[in-house]
Amino acid sequence: LMWSARQSLEGTRRQAGITENYAVWYSYSRLPKVGVQIQEFIRGLGYQALNPGMKGYLTSPLAAFSGMGEHGRMSS
């Protein structure tokens with residue numbers, strides 16, 4: 001499974017400012033929690049689930065291959 005971190009429109013509207021930094025920090029800080037919740041849900045269904053976080057692989061190619069298209073390449 002691949003998912004992206006949605007950022008606040010108001011927070012990212014003004015690029016390179018204090019609010020933009022907060023919006024980026026908040027969206028990335030939620031990723032581990034969302035990963036654990038998805039992992040627990042899949043394990044509750046009886047399947048094995050691993051949550052390596054954002055380390056150990058390149059996320060942009062995986063997102064592009066998973067069908068997210070160009071949205072998955074936004075970070076590169």
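Every number here is computed from the coordinates shown, using simple stated rules; none is lab data. Small disclaimer: the values here were computed from a predicted structure and weren't measured. With ideal geometry, Cβ positions are generated from the backbone for all residues, glycine too; neighbour counts draw on all protein chains shown.
Here are some notes:
- Note on Met2 and Trp25: the model spin-label points, each 7 Å out from Cα along the C-beta direction, lie 2.9 nm apart.
- Neighbourhood charge, 13 Å Cβ-Cβ cut-off, centred on Ala5 and excluding it, Lys, Arg +1 and Asp, Glu -1: +3
- Compared with the direct C-alpha span, the chain from Val34 to Phe65 gains 9.1 nm at full extension, assuming 0.36 nm per residue.
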